[in-house]
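These notes concern the structure reproduced below.
The values are calculated or read from the model by the stated rules, or taken from the named source; none is laboratory data. Small disclaimer: the values here were computed from a predicted structure and weren't measured. Neighbour counts are summed over all protein chains in view; Cβ atoms, including those assigned to glycine, are modelled from backbone coordinates with ideal geometry. These accessible areas exclude ligands, DNA and RNA; they are computed on the full protein's heavy atoms, side chains included. Shrake-Rupley method; radii C 1.70, N 1.55, O 1.52, S 1.80 Å.
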Amino acid sequence: MYIARTIPELRDHLGQYQRPAFVPTMGNLHDGHLDLVRQAKPRGDVTVASIFVNRLQFLPHEDFDSYPRTWDSDCEKLRTAGCDVLFAPDERALYPEPQTCKVHPDGALADILEGQFRSGFFVGVCTVVMKLFACVQPSVALFGKKDYQQLMVIRHMVRQFALPIEIVGSETRRADDGLALSSRNGYLNDAERAEAAQLSRALHVTAEAIYAGERDFAAIEARAMETLSARGWQPDYLVLRRRADLQVPSASDLLVALVAARLGSTRLIDSLEIEN
């Protein structure tokens, strides 16, 4: 696996390829990330992953400084998964001057849900993803559906800027008890980890209500929020939205359920597409 630390190193190495398949990450890798790398391999002529903890998408009170950096194990996992190239710049390499030019995504999609509770988050995400796309120039990039709104925001950005990049959303990889794999699961203590599976359970209960024929979306959402709160969670939202644009749905729309909630000091998110 070739490791590039600077943009010129990366571009020089990738010059011999025509169709890079790209998986951007912030490191602290788990099986969900590695699934993306394995899925990327047949989609291009070189498989590229990046590791960069992006300061721009962390709010001042969030965990940028304490976010786990697990370089040695990340490299070994990527090699085992078949990654060909790892782009691992430091901040000075990716942002050699203050990043005053930023990508501001459509507020109708980016200022709701995560954008409401983490103001500016998607500006940071879109800015770093756009810059990574400029560096790697991939033909395809893969993102997990756990971060469903992020996937939608990036797809919208790519479409609006007419970037020649296929955005692939990969199904969420889960632990045996249903908990979506996430780098932040490592913050949970044993008791919290046992409880954490209730987050995906809340999504499935929501889906079951739809399958049973309920269409009072607000009532379904309220019940799920109350259930989580009664178990000691601090939910930010649990909502049913239209898959096409994450707006409030009608009864005939294809649906996705999205949730964000804090358990102790750890904030977790998850999503579930509903076949209705």
Practice problem: Please report how far the C-alpha centroid of region 199-272 lies from that of region 169-189, rounded to the nearest whole angstrom. | Solution: 17 Å
Quiz item: What's the carbon and sulfur percent of the chain's accessible surface, probe 1.4 angstrom, rounded to a whole number?
Solution: 49 percent
Quiz prompt | Amide proton proximity set for A4, modelled H, under 5 Å, gap of 5+ | solution = L86, F87, A88
Self-check item: Length-normalised contact order of the chain in % [C-alpha pairs under 8 Å, at least 6 apart]
Solution: 17 percent
Exercise. Take every DSSP beta bridge whose two residues both sit in the chain, then give the antiparallel share in percent to the nearest 5.
Key: 50 percent
Quiz item: How much accessible area per residue does region 1-110 have, in Å², with a 1.4 Å probe?
Solution: 51 Å²
Self-check item: Candidates per trypsin sites (Lys or Arg not before Pro) in region 168-235, loop by DSSP, up to 15 other Cβ within 10 Å
Solution: R215, R231
Practice problem: Take the alpha-carbon centre of region 121-167, take the same for region 54-68, and report the distance between them in whole Å. | Solution: 20 Å
Self-check item: region 1-109: proportion of alpha-carbon pairs further apart than 24 angstrom, %
Solution: 31 percent
Self-check item: region 68-119: trypsin sites (Lys or Arg not before Pro) in DSSP loop, at most 15 other beta carbons within 10 Å
Solution: R69, K102
Self-check item: Coordinate range along principal axes, alpha carbons of region 2-52, Å, largest first
Solution: 30, 24, 13
Quiz item: Net charge near R241, counting Lys/Arg +1 and Asp/Glu -1 over other residues with Cβ under 13 Å of its Cβ?
Solution: -3
Exercise. Write down, largest first, the equivalent ellipsoid semi-axes of region 23-83 in whole Å, where each equals the square root of 5 times an eigenvalue of the alpha-carbon gyration tensor.
Key: 24, 13, 8
Practice problem: Round to the nearest 10 and report in Å² the accessible area of D106, as given by a 1.4 Å probe over the protein chains' heavy atoms. | Solution: 70 Å²
Quiz prompt | Stokes-Einstein D (µm²/s) once Rh is taken as the Kirkwood radius of the chain over alpha-carbon pairs, at 20 °C in 1.002 mPa s | solution = 110 µm²/s
Quiz item: For region 208-265, what number results from the quotient of the Cα radius of gyration and 2.2 N^0.38 Å?
Solution: 1.18
Self-check item: Debye-sum result for region 86-234 in log10 I(q)/I(0), which assumes one identical scatterer on each alpha carbon, at q = 0.15, 0.18 Å⁻¹
Solution: -1.01, -1.24
Practice problem: Would you list which lysines come within 27 Å of K102, measuring only between C-alpha atoms, while excluding same-chain residues fewer than 8 positions from it? | Solution: K131, K145, K146
Quiz item: Which value results for Rg/Rh of region 177-245 when Rg is the Cα radius of gyration and Rh the Kirkwood radius based on the inverse mean 1/r?
Solution: 1.00
